[in-house]
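Just below is one structure, and these are the notes that go with it.
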Amino acid sequence: MSPDFIAQWLTPLGLDAKQSGLITQVFLVVLAVVVANFVIGHVLKRLIAGARTTTLVWDDAALEALGRPLHVLIWLVGIAFAADMVGQHTDAPIFDAVDPVRKIGVIALIAWTLTRLISNTEQAIIERGTRHGKPADISTVSAVGKLLRITVIITTVLIALQSLGFSISGVLAFGGVGGIAVGFAAKDLLANFFGALMIYLDRPFAIGDWIRSPDKDIEGTVEDIGWRLTRIRRFDKRPLYVPNAIFTQISVENPSRMTHRRINETIGIRYDDLDKMQAITDDVRNMLIDHPDIADDQTMIVHFNAFNASSLDFFVYTFTYTTKWVEFHRVKQDVLLQVARIIDEHGAEIAFPTRTLHLPDGLRIDTARDLEHAAEPARH
């Protein structure tokens, strides 16, 4: 079929044969993009399904990170190719921007893929550790992930500027001078950044730890460690946002990392039970030694301690195996109840505040009943 024959058919319709051919070519490009996206999507689904059956972390993360950017890349390349074809038939200056947009788009898609790969790998490592009973250090994994993402973003910006014709050496020199100015203007922000860096390096606490500070009113569970703020959930469920620079200036306790929990209680018995004190403390000590939840390899003290105002005091000083708050209080309750039972078995009693009034000889205090009996003859 000759071009003249096609022109004879298109001319009565008001169409130019050259323009119609261009439209056909653009249509074929768009159709090819749609088909390629469909095929790539189907192949990726099968690959991801197969990767999930393996024990590797990288294959799942890489394939899932590649999905959306690859679809966008196909569309970008296809539309840019169609725009080039149209640009060859027109002098519109807008088509001069096709090549830079394509370059920047490809660079941005590569960066998007890498950041998705980093995030997916970070999540996969945490989930895999939890699934195998060996939880990963969430703080370290998160810190490495954030550092890698920042590196990718900075590198992407520099490559994009280079592709647009800017001098990288000039940009870096300007960045050095600008960094000094920004350093003075944003010293608090930098202090928080380096505070976060010290947290990641020294690791005084991690996400999920219960921390508190004797210097500040800070106590709760760490939920997130950012580059500027650390989010702590108080025990009343209110969030507390602490600038990271604060942690370089205060002492921080981490009760989550204690090896044992301490029971330190003082118990008093009556002065009348002084002769039973030795037997009571010996039996309490033996009870603690035999208790399955008490650490017998730690310091254990049960001794008569003091003559108090209305009691004879002995103290119980020992440690539990468990460090969990709720379980600790269950063990402590059991220990105190057994101490009370031992005191009762020896015929002694736990003391409570009392006062004894001593009267001189011959002096008596009339009770209300005595006064009532004395008033009866007067009424009669």
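We did not get these values from a lab; they are worked out from the coordinates using the rules stated. This one's a predicted model, so the numbers in the text were calculated from it and none came from an experiment. In this analysis, Cβ positions are derived from the backbone assuming ideal geometry, glycine residues included, and neighbour counts consider all displayed protein chains.
Brief remarks follow.
- Rotationally averaged projected area of region 176-287 (alpha carbon convex hull; nm²): 11.3 nm²
- Close amide H contacts of residue 209 (hydrogens built in the peptide plane, cut-off under 5 Å, sequence separation of 5 or more or a different chain): 222.
- Considered as an equivalent ellipsoid built on the Cα gyration tensor, region 278-363 has semi-axes of 33, 13, 12 Å, the largest given first.
- 3J(HN,Hα) couplings calculated from phi for region 65-79 with the Karplus curve 6.51 cos²θ - 1.76 cosθ + 1.60 (θ = phi - 60°) are, in sequence order, 6, 7, x, 5, x, 5, 4, 5, 4, 4, 5, 4, 5, x, 5 Hz; Gly and Pro show x.
- ³J(HN,Hα), Karplus 6.51/-1.76/1.60, whole Hz, each residue of region 259-273, x for Gly, Pro: 8, 9, 10, 9, 9, 9, 10, 10, 10, x, 10, 5, 5, 5, 9
- Highest mean packing first, where packing is the average number of other Cβ atoms within 10 Å per residue, the peptides 61-69, 332-340 line up as 61-69, 332-340.
- Each Cα pair under 8 Å and six or more residues apart adds its sequence gap; the mean of these over the residue count of region 219-347 is a relative contact order of 23 percent.
- Rg/Rh (Cα only; Kirkwood hydrodynamic radius) as it applies to region 230-346: 1.14
- A viscosity of 0.692 mPa s and a temperature of 37 °C, combined with the Kirkwood radius over C-alpha pairs in the Stokes-Einstein formula, give region 210-262 a diffusion coefficient of 284 µm²/s.
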